[in-house]
Amino acid sequence: MPLQVSQLSERPSWKALKAHRSLFDEKNIKELFAEDPQRGEKMNLNAAGLFLDFSKNRITEKTLELLLKLAEESGLRERIDSMFRGDKINISENRSVLHVALRTPKNEKIIVDGEDVVPKVHEVLEKMASFADSVRSGEWKGYSGKRIKNIINIGIGGSDLGPVMAYEALRYYSERSMTFRFVSNVDSTDFVEATRDLDPSETLFIVSSKTFGTLETLNNAHSARDWLVRGFGDDQKAVAKHFVAVSTNAEKVAAFGIDTQNMFGFWDWVGGRYSMDSAIGLSTMLAIGPKHFNAMLAGFHEIDEHFRTAPFEKNLPVILGLLSIWYNDFFDAQTVAVLPYDQYLKRFPAYLQQLTMESNGKHVTLDGKKVDTQTGPIYWGEPGTNGQHSFYQLIHQGTRLIPCDFITFYKSLNPLGRHHDLLVSNVFAQAEALAFGKTKEQVQAEGTPDALVPHRVFEGNRPSNILLADLLTPETLGKLVALYEHNVFTQGAIWGIDSFDQWGVELGKILAQKIIPELDGPTTPILKHDSSTNHLISLYREKKISSHE
Ligand code: G6Q
């Protein structure tokens, strides 16, 4: 039986890990490699087409054993089974957490509230595919009979980051005769810049919003409708051919004026940040076509099955999750850097920021008690090699510990001369330098003047993982995303938190609603905020009025 979730620091394995951690005050990664010459060949995993080298970590076999024990004591197995069974594990919203159902093959069943959800998933996928085919082939025409050339996804947070990331990641496979843009920010600049060079008669908007009540998305959607209708001489009938919606809320979609025939649904058991493979991925399917989209789903499913069935010691997401816990909770590492060495993955760190930090940025356990350990680390990163010429300095020689995940591929989608070898050599070199550093003796041997030696010493002992796959395909992208989804799940299960709610986002949505009329109302409002907020509101009104005079 798992212990009470609030007693994490009391678990025997946690205490044992705490004691075991002192070993690494004396022993660094270099010494660990010296002790076992085969370490680099042993500490890796190869599953579902992904290869993970985790040998350059501050761990021994004993560490792994204790971390795996922690996973067991924390009831991880039971939590995984609960998720796949469709139990309502998002307890603060009383919802199932079933993004895994979005990629479940047709012949399998997942029952939620007495109903098999798998046929519903495939029904929507088929509707998306026939729509995508008709737009891509030119069969679906705009109101004036022109072919649709531009797709604009309007959404924010989970209804934007996944689609943007996937479009960028899979651009190689995209229909190059079409233009794809993403509008998310309520800052009008976002919408204006996205549409400034487009012809409304060739443009299709996808309004993506789970709730269809999000301020940013609805405002952008209204501006989009005005822009479109203006382009058709104020003919409102044009909307039907140029707007589709992705939502769980048919009523609000209809109220906005989009025919629910042109709506693609999903369900409350799909969290926003876990929705890029639901109908929220409609822009992705329009870009890459149904066949590639299905390959992406197959990639997701392969990792789902691996996560569900592989023993923990061979389970990629479990090992990655445990390593994060190790540094976050036992070494006070506050962040994890994700460093994709593939230009197409340039938005992957931004996508992961939401996935990881919205999921595990929690301060109470499932039973509502304050956590007694640290929870979610800060995820951040940039594609390589660019980061090497900026922030890597701090990772190499700063005072903070920043575990890194390097991601790269054996092959390039755009082979060109020596570029790919140079790219990959940088991954290997960075990880090597981080782990092994450069000693005082090595620096001196290079003839460095004494005064400069300390500046040129690299302590090393900086941990990293290297994740390798064959080629960035839709299938591989699905695998990578599922890998991090379940890594996040593993961490959340150990901390005993609800990784699937987001009350912090909800608060922001409510607070802004209160201030809007105070900024744009015709009469001076009576302000009842703190003195700073009151002053800022008054100042803004004053400047706004004076700039209009
Ligand atoms: C994700 C969050 C959040 C959400 C956005 C958009 O998990 O819930 O980022 O996706 O706030 O919400 P809508 O899709 O409802 O517009």
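No value in this document is a laboratory result; all are computed from the given coordinates. This one's a predicted model, so the numbers in the text were calculated from it and none came from an experiment. All Cβ positions, glycine included, derive from the backbone under ideal geometry; neighbour counts span all protein chains shown.
Tell me, in nm to one decimal, what length is gained between Asp197 and Glu10 on full extension, where the rule is 0.36 nm per residue of separation less the Cα-Cα distance? Before the final figure, lay out the partial values.
Values: separation 187, 0.36 × 187 = 67.32 nm, distance 6.05 nm.
Once the chain is fully extended between Asp197 and Glu10, it gains 61.3 nm.
Step through the table entries Lys30/Lys440; Lys42/Lys440; Lys127/Lys237; Lys120/Lys149; Lys127/Lys291; Lys30/Lys69, compare each Cα-Cα distance with 18 Å, and write down the pairs that go over it. Intermediate results must be reported in sequence, preceding the final value.
Working: Lys30/Lys440 15 Å; Lys42/Lys440 30 Å; Lys127/Lys237 23 Å; Lys120/Lys149 30 Å; Lys127/Lys291 14 Å; Lys30/Lys69 26 Å.
Result: Lys42/Lys440; Lys127/Lys237; Lys120/Lys149; Lys30/Lys69 exceed 18 Å.
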- Query: Among bridges DSSP assigns within the chain, what percent are antiparallel (round to 5)?
  - Reply: 30 percent
- Note on the structure: Within the under-12-Å Cβ sphere about Ser247, not counting Ser247, Lys/Arg +1 and Asp/Glu -1 give a net charge of 0
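Using only the Cα atoms of region 1-86, build the gyration tensor, take square roots of its eigenvalues as a ≥ b ≥ c, and label the shape rounded, prolate or oblate: rounded if a/c is under 1.5, else prolate if a/b is larger than b/c, else oblate. Please list the in-between numbers first.
On the way: a/c = 3.79, a/b = 1.35, b/c = 2.80.
Because a/c hits 1.5 or more and a/b fails to exceed b/c, region 1-86 counts as oblate.
Sorted from fewest to most neighbouring beta carbons within 10 Å, what does the list Ile402, Ile510, Ile288, Ile494 look like?
Values: Ile402 23, Ile510 8, Ile288 26, Ile494 29.
Going from sparsest to densest Cβ surroundings: Ile510, Ile402, Ile288, Ile494.
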- Distance in nm between pseudo-label sites at His222 and Phe391 (7 Å out along the Cβ direction from Cα): 3.6 nm
- Message: Over 5 Å intervals from 0, what percent of Cα-Cα pairs in region 344-400 sits in each interval?
- Response: 4, 16, 18, 17, 17, 13, 8, 6, 2, 0
- Note on the structure: Note on region 340-481: alpha-carbon gyration tensor, axes a ≥ b ≥ c; rule is a/c under 1.5 for rounded, else prolate if a/b larger than b/c, else oblate; result oblate
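Working out 0.36 nm times the residue gap between Leu413 and Ile510, then minus their Cα-Cα distance, what length gain in nm do you get to one decimal?
On the way: separation 97, 0.36 × 97 = 34.92 nm, distance 4.46 nm.
In short, 30.5 nm is gained.
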- Message: What distance in nm lies between label points placed 7 Å from Cα along the C-beta direction at Glu139 and Ser82?
- Response: 4.5 nm
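Which order, highest average first, do 212-225, 113-126 follow once you tally other Cβ atoms within 10 Å for each residue and take the mean per peptide? List each step's numbers first, then the result.
On the way: 212-225: 19.8, 113-126: 14.6.
Highest mean packing first, the order is 212-225, 113-126.
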- Query: What is the spread of the Cα atoms of region 38-156 along each of their three principal axes, largest first, in whole Å?
  - Reply: 68, 40, 31
- Compactness ratio of region 125-237: Cα Rg over 2.2 N^0.38 Å, N = residue count? 1.05
- Query: In the neighborhood of Arg456, defined by Cβ-to-Cβ distances under 14 Å, what is the net charge if each Lys or Arg adds +1 and each Asp or Glu adds -1?
  - Reply: -2
- Message: Working only with C-alpha atoms, what are the Rg and Dmax values of the chain, expressed in angstrom?
- Response: 25.4, 78
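What FRET efficiency do you get for Leu452 and Glu31 if R0 is 25 Å and r is their Cβ-Cβ distance, rounded to the nearest 0.05?
Details: r = 27 Å, r/R0 = 1.06.
Using R0 = 25 Å, I get an efficiency of 0.40.
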- Task: Please determine, in degrees from 0 to 90 and to the nearest 10, the orientation of helix 76-85 with respect to the longest principal axis defined by the Cα atoms of the chain, where the helix direction is its Cα long axis.
- Result: 20 degrees
- Treating only Lys and Arg (+1) and Asp and Glu (-1) as charged, each at its beta carbon, one finds that the chain has a dipole about its Cα centre, in Debye to the nearest 20, of 440 debye
- Here the net charge surrounding Leu471, from other residues whose Cβ is less than 15 Å away from its Cβ (Lys, Arg +1; Asp, Glu -1), is 0
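Which of the peptides 155-165, 524-534 is most tightly packed, and how do the rest follow, judged by the mean count of other Cβ atoms within 10 Å per residue? Don't skip to the end; give the middle numbers.
Details: 155-165: 25.5, 524-534: 11.5.
Per-residue Cβ counts within 10 Å, averaged per peptide and sorted highest first, yield 155-165, 524-534.
Give the peptides 254-262, 291-299 in descending order of average Cβ contacts within 10 Å, highest first. All intermediate terms of the calculation are to be shown ahead of the outcome.
Details: 254-262: 14.6, 291-299: 20.4.
Order by mean packing, descending: 291-299, 254-262.
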- Query: Tell me, how many Å apart are the Cα centres for region 164-207 and for region 346-362?
  - Reply: 22 Å
- With a ≥ b ≥ c the root eigenvalues of the C-alpha gyration tensor of region 433-549, is it rounded (a/c under 1.5), prolate (a/b larger than b/c) or oblate? oblate
- Task: Could you work out how far helix 215-231 tilts from the main Cα principal axis of the chain, as a 0 to 90 degree angle to the nearest 10?
- Result: 40 degrees
